[in-house]
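Chemist: This is the structure I have questions about; it appears just below.
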Amino acid sequence: MVQTALILWSYSLAAMLYGGLTLSQISKAGTALPRLAFLAALGLTTFWAVGIAGIGAHEAGNAIAETGRNIAWIAFMGALVRRDRQVPGGASVIVVYGMVLIVQLAIGVLSVIATAITDPQVVASVLTVATVLRMIAMITALVLVNHLYQSVAPVSRGGIRLAVFALAAMWFLDFIVFTLAYLNLTDTGILDLVRGIGMAVIAPFFALAAHRNGDWTLRLSRTVTYRSLSIAAIGLYLLMMVVMTSAIAAIGGPGVRLLQTAFLLGSTTALITYLSSAPLRSWTKVKLAKHLFTHRYDYRAEWARFTDTLGQPGDGAAPLEQRIVKAVADLTDSPAGLLLVPDGIGLGQGAGWNWPEDDVAGPASMTMLADLLRRSAQIIEIDAVRDGSADIAELSGVPQWMVDRPDSWVVVPLVHFGVLAGAILLARPPIDRRPDWEDLDLLRIAGRQVASYLAEARAQGALSEAQRFDEFNRRFAFIMHDIKNLVSQLMLVARNAERHADNPDFRADMIATLQDSAARMNDLLARLSQHHGGRSDSIEAVALMPLLEQVAAGRRAQHPVATTGRADTLVMADAARLTQLLIHLIQNAIEASSPGDPIVVAVSDDGDAVAIDVIDTGCGMSPSFVRDQLFKPFVSSKPNGFGLGAFEARQLAQAMGGDVTVSSREGEGTRFRITLRRAGADAVAVNLGRVA
């Protein structure tokens, strides 16, 4: 009695919960198929629970109610899978669901038959078969629940997570109950009680799921859908093989084995032929996309493949122009494509992908096409030009060789900021069709994207060429600066020779200056030579004072230059570059000083480094000029100056690991300080060894 009362109360509670949920969803049902199926499933579940509470769990009426309940929930799951208001068909999606519904109907029929039979042994056998079918149906339903969750795109799974959990719990509960009943491991009354309590516990999850997802709008995952349909097709193929071979065996006769073998070989050959045929595969893909999805393309997947093709790195990758053609052609399954590039006022042949290497017409024949694409920036359908349905501009603008090629399909303009960067001629896809609005929109967006890639590549090439010219101009400017210094030096020597030609010391300095100038001019000629590959810096220990004396001696014929410092000072430097650096700074000091004011070059310690100060008492510079303009190229405070001396001096010092700083006051003079690394003991030993 207690058990009966508990069963009554558990199913009554379940009936109240599902009934209340049914009433709450009536006003929200609308015309949405998943919502209607959900409402029907709730109502039939309520009716089933009321029937068990009122007349018992094993009556014929309740068996029919249970079958209706299960069919309604399966229909709800199928409606979720094919949910999309804009899909015109979609029958292929519920093929597997139809098989499950047939099993459920068979269970209901067997349950009704069992009530009409009086033989207990036959009744037991029928009920056993019905129980086995229930177990199979529950397992299949659990598999379909998993398929439902996996086939929905990840962005939509959150909305059905609770519904999937509730459905899985319901089918799993029924599977456990029917398995225990089949094995006779417990009393049927206990199983009925467990089932009633379980259904009551599951009801709130259905309520929460309905609250979170208003109209059960989901987005299918194309990849999982295609794979699921492929698995279903393979299963149907194997089932057909079994049925047909069994049917042939039932015919009998001496040639049965031969007929079976021929059927299997023929069927396998047909399947392999289909799988290896690109047109057939493309036809299948088009039909599935047409009947299962709102849009022809999975835009996320297509765009990911598009960008991967364009940005493919590595030395083994195809050239950019060929990758551009392939990326656009892959969007519409076009087997080939040809890039048309600007050539004067027309278009010329560029890179091709799977395109024959035969020559197309010259750029003159595509001048009108280029003008048409610049004006309209619209995709041109070649088939429309062939049948005369295109507008007059396209009929006159498309060259005849494109029309004559039967595989020419569309011309995609590549427009970047209103400028025609080229065009792509695509070959006809394996499934011959006219491009629809989806094809045109996708190709238009892709054309703009690849146009930016082309424009960027061309801009990068132009920038690289400009950089080479800039490097040439920069080097030539430095050479002009050195030539100017040489001319100034020789002019001062010639001017002083008129007054001091009889002085033996002056003549000796003049000869040293001329020799230095000749050596520097030879170096300039070598730098101007096209075969001159430049020289690499050799940083080593350099005896500083002898080098200073040599540079100062070359300048004393034009201006007084004094040097001070320890004779044994060694720095880490490149001797030729350090000489050039000192010449720049001393020449600048001479040009900034009055003729009789001496230039002092002083060597001193600066911590772990060595400081070389070039000091003059000339006109000096303002702090703002020193801060903002002194070390910038082509900026000079001297008339007719190039503004490269200080800039090149700092560049030379930094290349040797040092630096150049300056302190100056207008009307008082300037001090340039060169800071270089002091040579270590090991470098000094090497240097002394070389001297010895």
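Chemist: What distance in nm lies between label points placed 7 Å from Cα along the C-beta direction at PHE417 and ALA304?
Modeler: Result for the modelled spin labels: 3.3 nm.
Chemist: Based on alpha-carbon centroids, what's the gap between the stretch 177-207 and the stretch 540-616 in Å, whole number please?
Modeler: Between the Cα centres of the stretch 177-207 and the stretch 540-616 lies a distance of 102 Å.
Chemist: Based on the mean of other Cβ atoms within 10 Å per residue, sort peptides 33-44, 118-129 so the most packed one is first.
Modeler: Values: 33-44: 21.8, 118-129: 12.5.
The peptides rank, most packed first, as 33-44, 118-129.
Chemist: Another question, then. What's the ranking of 620-627, 201-208 by average number of surrounding C-beta atoms within 10 Å, highest first?
Modeler: Values: 620-627: 14.8, 201-208: 18.2.
Order by mean packing, descending: 201-208, 620-627.
Chemist: Tally Lys/Arg at +1 and Asp/Glu at -1 over every other residue whose Cβ is under 15 Å from the Cβ of ASP505; what's the total?
Modeler: Working: positive: ARG499, ARG507, ARG555, ARG556; negative: ASP502, ASP509, GLU549.
Taking every other residue near ASP505 into account, the sum is +1.
Chemist: Mind checking the full-extension length gain between ALA501 and ALA602? Use 0.36 nm per residue of separation minus the Cα-Cα distance, one decimal, nm. All intermediate terms of the calculation are to be shown ahead of the outcome.
Modeler: Working: separation 101, 0.36 × 101 = 36.36 nm, distance 2.94 nm.
Here the segment from ALA501 to ALA602 would lengthen by 33.4 nm.
Chemist: Per residue, how many Å² of accessible area does the stretch 375-508 show with a 1.4 Å probe? Could the numbers behind the result be given before it?
Modeler: Details: 7120 Å² over 134 residues.
Heavy-atom SASA per residue in the stretch 375-508 reads 53 Å².
The values are calculated or read from the model by the stated rules, or taken from the named source; none is laboratory data. Owing to the predicted nature of the structure, the values given are computational and were not obtained by experimental measurement. Every residue, glycine as well, gets a Cβ built from its backbone with ideal geometry; the counts of neighbours run over all protein chains shown. With ligands, DNA and RNA removed, areas are computed over all heavy atoms of the protein, side chains included. Shrake-Rupley method; radii C 1.70, N 1.55, O 1.52, S 1.80 Å.
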